[in-house]
Amino acid sequence: MRPTVDTYRHQGLRKKLVDSLRAKGISDEKVLQAMAEVPRHFFLDSAFDEIAYEDRAFPIGQGQTISHPYTVAYQSQLLSAARFDKILEVGTGSAYQAMVLAKLGALVYTIERQKTLFDSNRGFAWLQEQPGIKFFYGDGFAGLPTYAPFDRILITAAAPAVPMRLLEQLRPGGCMVVPVGEGEVQQMKKITRLEQGGFLEEIFDSFSFVPMLSGKKAD
Ligand code: SAH
């Protein structure tokens, strides 16, 4: 069962979480504000109600996890999305990250390869009422060429290498944030498509994501 009530207690825990993210170095106040507004416990089973605001990853079924709040904050900050930016997110999972981006005023196109997770979000009534998110079932390696170009691309699973086909779906001046690496640990990378042509690659901290896998999974 999903919780559907956001109590003062949850709001208090959320504020504490946001303060702890600030203490860990997240400085983008817009991102922090968005995270203060999104009820993370709605994205988890009610069994996690008491711990939903700890800075931890939790299982969301199908061997997948909702990312650490710190990771969500870090990726969102690095993405530096503006209001009305069109964002492609690969790896919808719980849809928590997508909701944080939507709170920033972005238009989010999020894609998930596992049908069960995609369907679970379809049945999440509160989420379906939130503006700014479009859900797709498909392989993120292919992206969404019909909706390209995107201002921003965010990958929330570990890519074995920078996904080249997705770079083509970025507008000039846009950027992609992606954890890259095949082992347990990946490097966070930001790739900017330069206005004058070519790409700029910057490398940031290490993280540990579930792998980005090819193809769709129908059950
Ligand atoms: N953004 C999510 C993080 C979920 S974990 C959240 O906030 O909860 C990463 C997700 O990426 C998993 O649900 C996994 O199934 C999905 N994924 C992995 N490879 C993918 C691919 N090629 N295309 C789309 N989704 C993918």
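The values are calculated or read from the model by the stated rules, or taken from the named source; none is laboratory data. Because the structure is predicted, anything quoted here is derived from the model rather than measured. Every residue, glycine as well, gets a Cβ built from its backbone with ideal geometry; the counts of neighbours run over all protein chains shown. To get the accessible areas, we keep the full protein, side chains included, count just its heavy atoms, and leave off ligands, DNA and RNA. Shrake-Rupley method; radii C 1.70, N 1.55, O 1.52, S 1.80 Å.
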>> Taking the criterion of being away from the ligand (no atom under 16 Å from the Cβ), open to solvent by less than 60 Å² (accessible area, probe 1.4 Å) and of a type in the set (A, V, I, L, M, F, W, C), would at least one residue in the range 184-199 satisfy it?
In response: yes
>> So Gln33 passes all but one of these: (1) in a helix (DSSP H, G or I); (2) within 19 Å of the chain's Cα centre (by Cα); (3) closer than 30 Å to Leu213 by Cβ. Which condition number does it fail?
In response: (3)
> Considering the range 200-209 alone, what residues qualify as being open to solvent by less than 40 Å² (accessible area, probe 1.4 Å) and outside any strand (DSSP E or B)?
Replying inline: Phe209
>> For the structure I just gave you, tell me whether Leu154 is modelled with pLDDT of 95 or more, closer than 21 Å to Pro59 by Cα and open to solvent by less than 40 Å² (accessible area, probe 1.4 Å).
In response: yes
> Which of the residues that make up the range 107-122 are in contact with a Lys or Arg (Cβ under 9 Å, 6 or more places away or on another chain) and away from the ligand (no atom under 14 Å from the Cβ)?
Replying inline: Leu107
> Can you tell me which residues in the range 7-32 are without any contact (Cβ under 8 Å) to a residue 24 or more places away in the chain, surrounded by 12 or more Cβ atoms within 10 Å (Cβ to Cβ) and of a type in the set (A, V, I, L, M)?
Replying inline: Val18
>> Anything in the range 127-141 that is part of a loop (DSSP other than H, G, I, E, B), surrounded by 16 or more Cβ atoms within 10 Å (Cβ to Cβ) and free of Cβ contacts under 8 Å to residues at least 40 places away in the same chain? List them, or say none.
In response: Gly132
> Across the range 92-103, which residue is farthest from the ligand (Cβ to nearest atom) among those that are buried (at least 24 other Cβ atoms within 10 Å of the Cβ) and more than 17 Å from Tyr53 (Cβ to Cβ)?
Replying inline: Leu101
